[in-house]
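Participant: Input: one structure, supplied below.
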2 protein chains.
Amino acid sequence: MTAGTSLREVSRRAVQSRIARTAESLFSAKGFEETTVDEIAAAVGMSQRSFFRYFSSKDEVVLDSLERLGEDLASRLAERPSGEPEWDSLRRAFDLVVERFGDPVSREHDAAIQRIIDRSPRLLASYLCRLEHLQRMLTEALTARAGDGADPVVLRAMVGAAFACLHASAFPHIDEPDAFGPCLDRTMAALRPVDCR
Amino acid sequence: MTAGTSLREVSRRAVQSRIARTAESLFSAKGFEETTVDEIAAAVGMSQRSFFRYFSSKDEVVLDSLERLGEDLASRLAERPSGEPEWDSLRRAFDLVVERFGDPVSREHDAAIQRIIDRSPRLLASYLCRLEHLQRMLTEALTARAGDGADPVVLRAMVGAAFACLHASAFPHIDEPDAFGPCLDRTMAALRPVDCR
DNA sequence: GCAATGATTGACAGTCACTGACACTTCCGG
DNA sequence: CCGGAAGTGTCAGTGACTGTCAATCATTGC
């Protein structure tokens, strides 16, 4: 019954981010698999049980930030004019990621997270699952706006294709700063669907 | 030092498929998460320890068949004429999947597996990880054939896009038999990259 | 100021996936 | 008959996660 962000919610978020920061530095130092939840909890100064009250799994500590990115991406997409070709709307939504790459601080953070993910097959799996979920969200946003003129299967595939471009472009540019945006442009231009209105 | 398929390899495969069949029926009946490895081992008539000598994880029992599909897909792709546009080569490689859908027996089996996967988030994650690996394999096959004329990032993205089409087309046709092939054709035609030679 | 109430926590026990170590059997070539 | 190689069961242990319960802490109503 409380408004979206109650007082309790705020302090909960604060604890969560404290845990996340601690955990990420441990992960970067020792690796994800090699760091136990007990260690994280001890480093934060709480019991293992309490750790699981803030994050439903060890994976979630790392992937939590991705969740918010997904929501932002979806709202960006929703803001695009409905007349715009879907492919271009997706590209514009991805600007959010490009912008994050522009800021050195958040890029460094993102790169660290990506490194942690890439080094743990287990985490990578969860990560891909989140991406999948994210794609479903964007597909829904796109479907809602397209009305019933478009084929839902094609729309779903298009979102997947756009993400493939994003993924393929981001991968080689984790360490490189500014080449990412142009690379994404180039890739999405090359893969632009023929019958894109 | 032995040839690819030694006598021992064969019997190992036999045991593996016995385990897999047993496990899959248990998964279908009770669900993946609700079935313990102990139960599977007991049903097959071996110790838990031996189960893990045949499958490195519980996930693997389900995803093992996918591994072979990946290899077949890669070899199909390698067989395509190098002059053919990559997009079309990928579509032709996917015929393998379409053909599997044609056979009622294997379709029923695949559908059962897909149902198991979809109902377990944990399994779904592993599944997507395998798909990712599979895409990397196909990308390599494509890169090898394209020489150094093509952008590797674009190639990677194209494979991802093709898989997005496959995935999006397969999803609604698990139960429907023959609509799959045409749907895939339609989707891949709609998403065909503009500058596809 | 105080008691009832609800949220947060730690401690503990238990499940389950998975691993390493070791002892035992079987089978096969010498 | 003996040697080792391969396959197996048993056991103990780790680590992620869950349920439960009792203690604590803050809030609210009086």
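Participant: Please compute the Kirkwood hydrodynamic radius of the range A:74-117 from all pairs of different C-alpha atoms, in Å with one decimal.
Facilitator: One over the average 1/r among Cα pairs gives 11.7 Å for the range A:74-117.
Participant: Going by a ≥ b ≥ c, the root eigenvalues of the Cα gyration tensor, does the protein assembly as shown fall in the rounded group (a/c under 1.5), the prolate group (a/b larger than b/c) or the oblate group?
Facilitator: Numbers: a/c = 1.56, a/b = 1.03, b/c = 1.52.
The shape class here is oblate.
Participant: On to the next question. Compute the distance in nm between two label points, each set 7 Å from the Cα along the Cα-to-Cβ direction, one at A:Ser75 and one at B:Ala78.
Facilitator: According to this spin-label approximation, the distance is 5.0 nm.
Participant: For labels at B:Asp95 and B:Ala112 in the simple 7 Å Cα→Cβ model, what's the distance in nm?
Facilitator: A separation of 2.9 nm, rounded to one decimal place.
Participant: Positive end of the charge dipole of the protein assembly as shown (Lys, Arg +1 and Asp, Glu -1 on Cβ, about the Cα centre): tell me which of A:Ile117, A:Leu90, B:Ala29 has its Cα farthest that way.
Facilitator: In the protein assembly as shown, that residue is B:Ala29.
Participant: What list of ³J(HN,Hα) values in whole Hz, one per residue of the range B:159-170 in order, does the Karplus curve 6.51 cos²θ - 1.76 cosθ + 1.60 (θ = phi - 60°) give from phi, with Gly and Pro shown as x?
Facilitator: Coupling constants for the range B:159-170: 4, x, 5, 4, 5, 4, 5, 4, 5, 5, 6, 6 Hz.
Participant: What FRET efficiency, computed as 1/(1 + (r/R0)^6) with R0 = 56 Å and r the Cβ-Cβ distance, is obtained for A:Ala144 and B:Ser11, rounded to the nearest 0.05?
Facilitator: Efficiency computed from Cβ-Cβ geometry: 0.50.
Participant: Any lysines with Cα under 22 Å of the B:Lys58 Cα? List them, leaving off those in the same chain fewer than 8 positions away.
Facilitator: Qualifying lysines at Cα under 22 Å: A:Lys58, B:Lys30.
Participant: Quick one: angle between helix A:104-118 and the longest Cα principal axis of chain A, in degrees between 0 and 90, rounded to 10, please.
Facilitator: 80
Participant: Given 20 °C and 1.002 mPa s, compute D for chain A with the Stokes-Einstein relation, Rh being the Kirkwood radius over Cα pairs; round to the nearest whole µm²/s. Present the calculation step by step, with values, prior to reporting the outcome.
Facilitator: Numbers: Rh = 18.5 Å.
Value of D from the Cα-based Kirkwood radius: 116 µm²/s.
Participant: Evaluate the distance, in nm, between pseudo-label points positioned 7 Å from the Cα of B:Ser28 and of B:Arg119 along their respective Cα→Cβ axes.
Facilitator: If labels sit at B:Ser28 and B:Arg119, their model points lie 1.1 nm apart.
Participant: Could I ask something else about it? Counting helices only, and only those DSSP H runs with n ≥ 4, report the 222 nm mean residue ellipticity of chain A as the sum of -39,500 (n - 2.57) divided by its residues, in deg cm²/dmol to the nearest 500.
Facilitator: -24500 deg cm²/dmol, from helical runs alone.
Participant: If you don't mind, another one. Can you list, shortest first in nanometers, how far A:Pro104 lies from the same residue in the other copies, with each label 7 Å from Cα toward Cβ?
Facilitator: Label-point separations across copies, in nm and ascending: 6.8.
Participant: Along the range B:41-57, what does the Karplus equation 6.51 cos²θ - 1.76 cosθ + 1.60 (θ = phi - 60°) give for ³J(HN,Hα), rounded to whole Hz, x for Gly and Pro?
Facilitator: 4, 4, 5, 7, x, 9, 7, 4, 4, 5, 3, 6, 7, 9, 10, 6, 7
Participant: Further, regarding this structure: Which whole-Hz couplings ³J(HN,Hα) result when phi for each residue of the range A:66-79 is put into the Karplus expression 6.51 cos²θ - 1.76 cosθ + 1.60, θ = phi - 60°, listed in order with x for Gly and Pro?
Facilitator: Those phi angles translate into 4, 4, 5, 4, x, 5, 4, 4, 5, 6, 4, 5, 5, 6 Hz.
Participant: Also: Quick one: Cα centre-to-centre distance for the range A:139-191 and the range A:14-59, in angstrom?
Facilitator: Centre-to-centre distance over Cα atoms comes out at 33 Å.
Participant: Given a Förster distance of 35 Å, report the FRET efficiency between A:Asp178 and B:His133 from their Cβ-Cβ distance, rounded to the nearest 0.05.
Facilitator: So, using R0 = 35 Å, E works out to roughly 0.70.
Just so you know, all these numbers are worked out from the coordinates, no wet-lab data involved. It should be emphasised that the depicted structure is a prediction, and the values quoted were computed from it without experimental measurement. Using ideal geometry, Cβ is built from the backbone for each residue, glycine included, and neighbour counts are taken over all protein chains shown.
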